[in-house]
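Here, each number is a calculation from the coordinates, and none is a lab measurement. For clarity, every value in this text was computed on a predicted model and none was experimentally measured. So basically every Cβ, Gly included, is an ideal-geometry build from the backbone, and we count neighbours across all protein chains shown.
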Amino acid sequence: MNDPQDTAGLGPAAPPGDAERAGHGRSAAEETADRPGLGRRSLLQAAVAVPVAGAVVGLPAGARPAAHAQDDSGPDVATARRDSDDENPRFRIAVMPDTQYLFDEDRSDPKPVREAFRYLVKRRREDDIVFLAHLGDVTEHGSEHEIDLADRAFRELDRKLPYSVLAGNHDVDGGTDDQRGDTPYLQAFGPHRFRRTSTFLGASPDGYNGAHVLRAGGRDWLILALDWRVSDAGLSWARTVLAEHPTLPTILTTHDLASAGADGVARLSDHGSRLWDGLIRGHDQVFLTLSGHYWPSGRTVLRNDAGNDVHVHIANYQDVYYGGAGLLRLYTFDLARDTIDVETFSPWLRGIDADRRTPLEAETVERTGEVDRFSLSVDFEARFAGFAPTPRPEPRPADAVMSRSTVAYWRFDGAGLAGADAAADGDPVAGDAVARDLTGNGNDLVATRLHDGPAEVLRFSDEHHPNQPAHASLRFDGGKNPDRGAVLRAVADAPINGMTFESGYTIELFARLPDPFEGDHAFMGLLSWEGRAGDAGKTSGWSQDEPTCSLNLSGERFLQYVVYPTDRDADPTSWSHALPIGRWMHLAVVNDGRQTVVYVDGSRIARNPTQRSKGIATLGKPFAIGGTQFAERYGHGFYGWIGDVRISSRALRTTEFLTADDR
């Protein structure tokens, strides 16, 4: 790190007494000049296990391997990775910025760094930590002594956790680029160090730029670790790596990319602008950049040539107590939530009892500012769609999702709904259009507008759940004041109208709520059986005017399933959490003849009643999709999309739901 005001990073060395305060030390070039035999040596290209772009280097001529590299016994890092779950949608990547003040000649103290590395190794399985990226300026002067200390510290990770390291301006001659030749840094942290690491893809011919591919969250990710000054040859190598792995989301790490002011807003440095224009902006797969060099830390979001976001982050804490105290960043990728959560803390200081920490230790143990602890909202599927679109399942024919226990199955594509094959997305469904029961059991449904509503209250739609068998749905536009809506009602002689399901049942459907969710839609119905509970002899419920079975949504968007069983006067009712808007869901009601359990997206909800529930006290009146009666009158109808609906005469396992594609 150089003084934050010295954007070129090549300012004159400060006087010895001022160097620490100014962020300067003796340059690596000055240190090298004092040590005979450490001048440049040409690099000899050699074969390494996994080539990248046809150019991967081994050891420089005459260089000594890192001490750990002489021992080829024991498992490699791949063994450690197998201990975690490659498919877990939640995983962590650790980041460590400038540690130079902890590797500073006879002022060195590697303990905070070692403790951070030990923490990562200890927690790698439990927290699914998959990688560590160091951002450069490992050492203060790049001397053999400092590099040797750093080499020993990094052995805490070797064969235990994959990692990348890159050269900062204090690790090498700050006036050179990646064509500088041999250095103590390269001898310790060159490509030979990573040749047995499971993630290592390879390095540029000079040895200063590396690439790793790691498996996490069910996909591969590319890490590009670039020298602090990338030459034209280095840029060409990086472009080739990206071109040869065009579908991999990429995190680019380097030492100098951006700086930030007191506002915490990152701005590209001169070298960062060169990387942005020459590499990042034209490669959509680069979605996150991590750099150090400058303080304070900061972040921003830039827009690339594809019109997508690139998150630009600076992390550097060498200016805080104890040279940063080994502060570590954890980037928690949560693919289920489309979120990256970031936290910054010192494992070394956390290891000290809270009541024994000094004031500065207590102040530094964790960073909680807006640039140190934050969350990023990233729609991973949409962000990566331009270079790695998620494959969509093909539609499944009806006979592929029906078994002997299927008593009714409706879908709203051309195979199941009259007029769908000729309709465009958004076209109104014709009045009296028929949705056929594809089981052949005669449970056909007829489209009916409520309260003489307009045609637009029921429309064809191409939208669908990703795992829905039919790639079509119906858009219902129900609402209150005045009441409007539409329902699909079973024909008068449909068997479903009077079935009581005393041996058990499963009711499934796909649904989506609009975003924004506008208006009052409290207790709108998704499906129900018509008729009054009182007429079925049920008097214990909320009202004898409610139907004997209905699936509804409250004003808080809580799913409500209420059923009057056949064997007693009761109304066991299930309640879910607040359902999300703008997202397709699979909803399922499962009854085994004794108890009812409701599932949302295959997950059992919390508030399922434990009381006995056997069958459904139907009255022979129509089954309906899109609304719920009260006192035998429909009010407002459903507001949103409904896809495939299937009813089975037994309790299905979650692996048998319509979302399961076992082709």
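Between beta-carbons, use under 12 Å as the cut-off and find the net charge around Ala398, counting Lys and Arg +1, Asp and Glu -1.
Details: positive: Arg396, Arg411, Arg436, Arg646; negative: Asp399, Asp413, Asp437, Asp644.
Combined, the nearby Lys, Arg, Asp and Glu give 0.
Determine the dipole magnitude for the chain: charges of +1 sit on the beta-carbon of Lys and Arg, -1 on that of Asp and Glu, nothing else is charged, the reference point is the Cα centre, and the result goes in debye to the nearest 20. Provide the component values of the computation, followed by the final result.
On the way: 71 positive and 98 negative charges, 369 e Å.
Dipole about the Cα centre, nearest 20: 1780 debye.
How large is ³J(HN,Hα), in whole Hz, for each residue of the range 597-603 in order, when computed from phi with the Karplus curve 6.51 cos²θ - 1.76 cosθ + 1.60 and θ = phi - 60°, using x for Gly and Pro?
10, 9, 10, 10, 6, x, 9
Using the alpha-carbon centroid of each, what span in Å lies between the range 219-246 and the range 323-382?
28 Å
Any idea which of Val378, Thr358, Pro393 is furthest toward the positive side of the dipole for the range 324-455, if Lys and Arg beta-carbons carry +1 and Asp and Glu beta-carbons -1?
Farthest along the dipole direction, towards plus: Thr358.
Given the options Pro609, Gly440, Pro296, identify the residue whose Cα lies farthest towards the positive end of the charge dipole of the chain (+1 on Cβ of Lys, Arg; -1 on Cβ of Asp, Glu).
Among Pro609, Gly440, Pro296, the one farthest towards the positive end of the dipole of the chain is Gly440.
Give me Arg229, Arg594 sorted ascending by neighbouring Cβ count inside 10 Å, so fewest comes first.
Details: Arg229 26, Arg594 12.
Fewest-to-most Cβ neighbours within 10 Å comes out as Arg594, Arg229.
Which of the aspartates and glutamates could a cross-linker bridge to Lys621, judged by Cα under 16 Å and excluding same-chain residues fewer than eight apart?
Asp444, Asp493, Glu530, Asp535, Asp545, Glu546, Glu632
Which of the GluC sites (Glu not before Pro) found in the range 461-566 are loop residues per DSSP with 13 or fewer other Cβ atoms within 10 Å of their Cβ? Can you show the working numbers first?
Details: sites: Glu463, Glu502, Glu508, Glu518, Glu530, Glu556; in loops: Glu463, Glu502, Glu518, Glu530, Glu556.
Qualifying residues, ordered by number: Glu518, Glu556.
Rounded to the nearest 20 debye, what is the charge dipole size of the range 597-643 about its Cα centre when +1 sits on each Lys and Arg Cβ and -1 on each Asp and Glu Cβ? Each step should come with its number before you reach the end.
Details: 6 positive and 2 negative charges, 48 e Å.
Once rounded to the nearest 20, the dipole reads 220 debye.
With point charges of +1 on the Cβ of Lys and Arg and -1 on the Cβ of Asp and Glu, referenced to the Cα centre of the range 405-656, which listed residue (Gly478, Gly555, Ala533) lies farthest in the positive direction of the dipole?
Towards the positive end, the residue furthest out is Ala533.
If you place +1 on the Cβ of every Lys and Arg and -1 on the Cβ of every Asp and Glu, how big does the dipole about the Cα centre of the range 405-656 come out, in debye to the nearest 20?
Numbers: 24 positive and 32 negative charges, 155 e Å.
Dipole magnitude for the range 405-656 comes out near 740 debye.
What's the local net charge at His283, with K and R +1, D and E -1, over the other residues with C-beta under 13 Å away? Could you put the intermediate results ahead of the total?
Values: positive: Arg239, Arg281; negative: Glu244, Asp277, Asp284, Asp305.
For residues surrounding His283, the net value is -2.
What is the local net charge at Ser540, summed over the other residues whose Cβ is closer than 11 Å to its Cβ (Lys, Arg +1; Asp, Glu -1)? Intermediate values should be presented prior to the final figure.
On the way: positive: Lys538, Arg568; negative: Asp569, Asp571.
Overall, the nearby charge balance is 0.
Here are several values of Rg and Dmax of the Cα atoms in Å: [x] 31.8, 101; [y] 30.4, 102; [z] 31.2, 108. Which one was derived from the coordinates shown?
[x]
Treating cross-link reach as a plain straight distance, find the lysines whose alpha-carbon is under 17 Å from the alpha-carbon of Lys614, omitting any fewer than eight places away in the same chain.
Lys538
For Asp432 and Thr240 in the same chain, what is the full-extension length gain: residue separation times 0.36 nm, less their Cα-Cα distance, in nm?
On the way: separation 192, 0.36 × 192 = 69.12 nm, distance 5.99 nm.
Net length gain for the segment: 63.1 nm.
Could you work out how far helix 111-123 tilts from the main Cα principal axis of the chain, as a 0 to 90 degree angle to the nearest 10?
30 degrees
Mind checking which lysines have their C-alpha under 26 Å from Lys111, skipping anything on the same chain fewer than 8 residues away?
Lys122, Lys160
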